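Chemist: One structure is given below, represented as structure tokens, and several questions about it will come after.
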Amino acid sequence: MKKTTLVALLLLSTQCFANSIKDSLNNIESEWASIYYSKSNSNKSRAYNHLLDKIIALSKQHTDNAELIFWQAVVKATNADHQDALAALNSVKDARKLLAKAIEINPKTMNGSAYVTLGTLYYMVPKWPIAFGDEQTAQKMLAIALQINPNGIDSNYFYGKFLLSQNKSDEAAKYFERAVKAPARNEQLYADSQLKTEASLALKNAKEQKVGTSKNLFLSLFSSATLK
């Protein structure tokens with residue numbers, strides 16, 4: 001076999017591998033969004049566990065893939081809302097470890113969404129000694145996400161949610177506006193449209209200075225990559 005032919009085959013194989021992973025990640029994201037936004041609460045935990053099993057199986061084929069590790073964390077964290085207190089606490093702790101691992105492998109995992117998710121966890125979960133809640137760390141993580149993806153839907157929306165929880169309505173409104181104006185992705189129109197709707201509502205509340213007090217884990221969370 002000629003050297004040029006071998007190189008071409010290797011490049012083609014690499015491209016096919018990349019496309020396969022990208023398609024898998026898109027499917028995972030779509031299924032997660034369908035569970036989060038569409039299914040009734042009585043069916044969500046079972047659906048999350050089924051999705052988690054699929055992600056873990058895929059991760060065994062692609063070890064140390066930061067995006068797959070990220071999605072394990074997201075599924076565990078969002079499923080925590082449908083578990084008893086002890087199980088939920090274990091889930092969010094697992095999610096934090098997985099997010100830290102994903103960031104260690106690739107700090108820009110999912111275009112900064114690993115930092116968005118981690119920051120959101122830090123300010124939504126209870127503080128020590130119950131859990132690891134820390135508002136200063138949360139702000140640091142969310143700020144890093146904005147540096148990575150300043151025009152993202154999720155990076156702006158969740159930074160705005162954090163500011164709103166700190167009674168900084170005027171400042172929060174600026175980030176909600178950016179989230180509303182951010183472009184939705186063609187391959188994930190449903191999920192992005194749902195989050196943009198949440199951002200519009202949050203913007204309205206911020207302008208009316210209605211500060212949300214809910215501490216539900218990942219309220220209206222969409223922590224996936226968005227376009228710059």
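Chemist: Out of all the residues in segment 36-56, which are hydrophobic (A, V, I, L, M, F, W, C) and closer than 16 Å to A95 by Cβ?
Modeler: Those that are hydrophobic (A, V, I, L, M, F, W, C) and closer than 16 Å to A95 by Cβ: L51, L52, I55, I56.
Chemist: Oh, and also: Do we have any residue at all in segment 105-122 that's assigned to a helix (DSSP H, G or I) and either more than 19 Å from S155 (Cα to Cα) or in contact with a His (Cβ under 7 Å, 6 or more places away or on another chain) (or both)?
Modeler: Among the residues of segment 105-122, at least one is assigned to a helix (DSSP H, G or I) and either more than 19 Å from S155 (Cα to Cα) or in contact with a His (Cβ under 7 Å, 6 or more places away or on another chain) (or both), which makes the answer yes.
Chemist: Considering only residues that are of a type in the set (A, V, I, L, M), surrounded by 22 or more Cβ atoms within 10 Å (Cβ to Cβ) and within 24 Å of I130 (Cβ to Cβ), look in segment 40-87 and name the one that is farthest from the chain's Cα centre (by Cα).
Modeler: Step by step, filter segment 40-87, then rank; the result is A80.
Chemist: Here's something else I'd like to know. Look through S91, S30 and report the one residue that is assigned to a helix (DSSP H, G or I), of a type in the set (S, T, N, Q), under 30 Å from P150 (Cβ atoms) and within 17 Å of the chain's Cα centre (by Cα).
Modeler: Numbers: S91 fails: under 30 Å from P150 (Cβ atoms).
Sole residue among the options that is assigned to a helix (DSSP H, G or I), of a type in the set (S, T, N, Q), under 30 Å from P150 (Cβ atoms) and within 17 Å of the chain's Cα centre (by Cα): S30.
Chemist: Which residues, taken from segment 9-68, are modelled with pLDDT under 85, closer than 24 Å to L189 by Cα and not charged (D, E, K, R)?
Modeler: A18, N19, S20, I21, S40, N41
The values are calculated or read from the model by the stated rules, or taken from the named source; none is laboratory data. What you are looking at is a predicted structure, and each value in this text was computed from that prediction instead of being measured. When we count neighbours, we look across all protein chains shown, and the Cβ atoms used for this are built from the backbone with ideal geometry, even at glycine.
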